[in-house]
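Please read the structure below before turning to the comments.
The values are calculated or read from the model by the stated rules, or taken from the named source; none is laboratory data. Predicted, not measured: the structure shown is a model, and the values here were computed from it. Neighbour counts are summed over all protein chains in view; Cβ atoms, including those assigned to glycine, are modelled from backbone coordinates with ideal geometry.
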Ligand code: URA
């Protein structure tokens, strides 16, 4: 390879805490995308970037290089304001599967390009692929065709859309280089800016199950994401949401499809339902179909009550090759070969269900990847029977875990026990959403 820069020197420069130029970052990203630099060199660059951080200029150069590693889709032919939502990643976070059909059924086009599981968190693509026949791999022409026909498309990155992120994402997943504000911001925004949207809602998580453990870091990430969105003239609103315990009761690829069906039928758990309405209400507002977020929330609720959101879900599953019969009748889906229950060692109240430990146990059971080449198991996962604040008696079931790999039962059980704390008194109820961030700044929010 004849090249303008020397890769080893660039890695050394970042390792030593120096600042790379825009051209140097562009060169690294372009060379990796063109298969001219091996995974191990980019991994070590990512680790250096993770440890030493990136300056604002480096972060902007990284986002732009990843964005322009592919094309920016032109959706001007599709009428209406196109709006998407993206989460920074969590455990049991199936919100995309719920709000995409709600918002599309309310008349706002949703072109959604999602990712796979990352570290201990689940990914929308892996969940969608647990629906028999559902394909997330479509080319650009079909992407536009599905969106025009259904007002919704749910796909993975094609080679045309931010291909650099697609490859870096898979590498970060298995090299412990996910939890970095500039790497996450570049990854999310390169994909989102490439997909042809007009506006974006961001769900920025904090807590043990999130990549940002503190509210402070999550606020910084939200500000970085909003700033990039606004710089590209996309209206961007971010909410700071808690990921201390998993969202809802079900964790795992098929289980999360199942719980999203429950919400779309108006029978879902309270936390998932109210967060879905807040985010879809905001998308409906940004899509100009409501004059305020509150009105958007009312429309979102109506779309569930009148059955149109669930019908949209069936339509998109059919459109993308999936079998709608298991959406209409989820009980017919096959269950994993092995299951085990975690029992409470004493009477009390559940005071903690550590989302990181539960997410990691769910990866162990087969729901996520430990190396890039791993296949995820659609049936593996966890169903919680209790949430934080619930009363529990000695011997009562806290959760049931499912796997097809019996050797994972012992390590997962140990991990799951370490995720649970039980107290004598009822813990105080914590807020699920604490802040909203837009171009005007950071404001407190209560949900
Ligand atoms: N979601 C993404 O798309 N990228 C990240 O790096 C983290 C969450």
Practice problem: For residue 140, work out the one condition from (1) within 16 Å of the ligand (Cβ to nearest atom); (2) surrounded by fewer than 23 Cβ atoms within 10 Å (Cβ to Cβ) it doesn't fulfil. | Solution: (1)
Exercise. At least 1 residues that are at pLDDT 95 or above and under 30 Å from residue 175 (Cα atoms) in each: list the helices (runs of 4 or more DSSP H) lying fully within region 279-384 that qualify.
Key: 355-362
Quiz item: Can residue 262 be described as within 29 Å of residue 428 (Cα to Cα) and in contact with a helix residue (DSSP H, G or I) (Cβ under 9 Å, 6 or more places away or on another chain)?
Solution: yes
Practice problem: Given the conditions (1) touching a residue at least 60 places away in the same chain (Cβ under 8 Å); (2) within 14 Å of the ligand (Cβ to nearest atom); (3) within 15 Å of the chain's Cα centre (by Cα), report the number of the one that residue 161 does not fulfil. | Solution: (3)
Quiz item: Mind checking whether some residue in region 198-207 is in contact (Cβ under 8 Å) with a residue 12 or more places away in the chain, outside the structural domain of residue 363 (by TED's automatic domain parsing), assigned to a loop (DSSP other than H, G, I, E, B) and more than 10 Å from the ligand (Cβ to nearest atom)?
Solution: yes
Quiz item: How do the pairs read when you match residues in region 208-221 that are touching a residue at least 60 places away in the same chain (Cβ under 8 Å) with residues anywhere that are assigned to a helix (DSSP H, G or I) and within 14 Å of the ligand (Cβ to nearest atom), using Cβ under 7 Å and keeping only pairs 6 or more apart or on different chains?
Solution: 209/359; 210/218; 211/184; 212/218; 212/221; 221/181; 221/184; 221/185
Quiz item: Just one of the numbered conditions (1) in contact (Cβ under 8 Å) with a residue 24 or more places away in the chain; (2) under 23 Å from the mean Cα position of the chain (by Cα) is not true of residue 37; which one?
Solution: (2)
